[in-house]
1. Might you tell me the accessible area per residue for the chain, computed with a 1.4 Å probe and given in Å²?
2. Mean-square fluctuation check for the chain, GNM, Cα pairs under 10 Å: which of Asp162, Asp75, Asp109 is largest?
3. Which helices, counted as full DSSP H runs in the chain, have an axial Cα extent of no less than 20 Å and a Kyte-Doolittle average of 0.0 or above?
4. Tally up the carbon and sulfur contribution to the accessible surface of the chain as a whole percent, 1.4 Å probe, everything protein left in place.
5. When the Cα atoms of the stretch 102-172 are enclosed in a convex hull and the volume is divided per residue, what value in Å³ results?
6. Say the dipole of the chain comes from +1 at the beta carbon of Lys and Arg and -1 at that of Asp and Glu; which of Trp34, Phe99, Val123 then lies farthest toward its positive end?
7. Which of these values of semi-axes √(5λ) of the Cα gyration tensor in Å was calculated from the structure shown: (1) 30, 25, 12; (2) 24, 22, 19; (3) 38, 21, 14?
8. What trypsin sites (Lys or Arg not before Pro) in the stretch 124-174 are in a loop by DSSP, with at most 11 other Cβ atoms within 10 Å of the Cβ?
Amino acid sequence: MATDYLQSARKQFEYYKQLGDKTLARVPDEKLYWQYNAESNSLATIIKHLSGNMLSRWTDFLTSDGEKEWRQREDEFENNIHSREALMKLWQKGWDCLFNTLNSLTPADLDKTIFIRKEAHTVTEAINRQLAHYPYHIGQMVFIGKMVCDDKWVSLSIPKGDTQTFNEEKFGPP
């Protein structure tokens, strides 16, 4: 059961990373910094925040608090990285940290206690916490992608109006 959980968690993280990757691939460079208003985040800001969170949470996962002293969370909300290449490196660095740590965990680790901002979590709880946090922001990324691409957006799932065709292909005869 514990091995299944770790495989399932990895599969979920991979799925949400893929949604983010596909969104970023559809968005033109100049739209990476678009914000609906001053209180909203751009795609670049969300990338910085997710990467900062991943690096903090997953570095020394079992042995140090998930909120690292070196993390500059407030800086994550500034649009101060000005190239797609730099943003994509940051995006990948966060995910690499997550997957390297997740791949190192064993079923015996799941009941261990770790801390995030001095709050105790089992490893399972900490993973679940991130499985709620990251999809929340990736959903924002997809929504922003749809807005900035407008009629050029290509659906990441079943396009509107194609449900019946999709279901017929999925459930029809082999």
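1. Accessible surface, normalised per residue, equals 60 Å².
2. Highest fluctuation of the listed residues: Asp162.
3. Counting only whole DSSP H runs, the qualifying helices are 43-58, 123-149.
4. The value for the chain is 52 percent carbon and sulfur by accessible area.
5. Taking the convex hull of the Cα positions in the stretch 102-172, it is 162 Å³ per residue.
6. Of the candidates, Phe99 comes out farthest on the positive side.
7. (1)
8. In loop regions of the stretch 124-174 (DSSP not H, G, I, E or B), the sparsely surrounded trypsin sites (Lys or Arg not before Pro) are Lys160.
The values are calculated or read from the model by the stated rules, or taken from the named source; none is laboratory data. Keep in mind that what you see is a predicted model, and the values were worked out from it rather than measured. All Cβ positions, glycine included, derive from the backbone under ideal geometry; neighbour counts span all protein chains shown. Protein only, heavy atoms only, side chains kept; ligands, DNA and RNA dropped before computing areas. Shrake-Rupley method; radii C 1.70, N 1.55, O 1.52, S 1.80 Å.
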